[in-house]
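Undergrad: Please find one structure pasted underneath; my questions will follow.
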Amino acid sequence: MPAEIRETIRVIEGEAEKLIEKARADARGILEDASKKARELLSSEISIDEVENERDRIVSEAEEEAKKEIEESKEASKRITSEVSSKIDKFSQLMADHIKGIN
């Protein structure tokens, strides 16, 4: 009976060692995958920074372009308003002349 118990213990120990080795191998695989993913994430952070910098540059350029267009629109509005005012003055003068019989 003690021989059978010793043999059973050896079998259990052998299976336990196999399980431990398998667990170690799985753990190494998991750590390798995690390291690979960590390297990918770290390298992608640089890409994210580059993308953010490019985004900021594009937004800044768009804001500058928008400011220029707003200024050009204001100038065009002033010019049109001035031209319309001048035409109204001329029209008013023509009407007054017509009413006075100058025309």
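No lab work stands behind these numbers, since they all come straight from the coordinates. Not measured: the values here are computed from a predicted model. Reconstructed Cβ throughout: ideal geometry from the backbone, glycine too, with neighbour counts over all protein chains shown.
Undergrad: Give the angle, between 0 and 90 degrees and rounded to the nearest 10, that separates the Cα long axis of helix 2-100 from the longest principal axis of the Cα atoms of the chain.
TA: It is inclined by approximately 0 degrees.
Undergrad: Nothing charged except the Cβ atoms of Lys and Arg (+1) and of Asp and Glu (-1): what's the magnitude of the dipole of the chain about its Cα centre? Round to the nearest 20 debye. Display every interim value, and only then the final one.
TA: Details: 19 positive and 27 negative charges, 105 e Å.
Dipole about the Cα centre, nearest 20: 500 debye.
Undergrad: In square nanometres and to one decimal, what's the mean projected area of the convex hull around the Cα atoms of the stretch 47-94?
TA: The orientation-averaged projected area of the Cα hull of the stretch 47-94 comes to 3.0 nm².
Undergrad: Related question: Rank Gln93, Ser60, Ile9 by how far each Cα sits towards the positive end of the charge dipole of the chain (+1 on Lys, Arg Cβ; -1 on Asp, Glu Cβ) and give me just the farthest.
TA: Of Gln93, Ser60, Ile9, it is Gln93.
Undergrad: What is the Cα coordinate range of the chain on the first, second and third principal axes, sorted by size from largest, in whole angstrom?
TA: Extents along the principal axes, in whole Å: 142, 23, 11.
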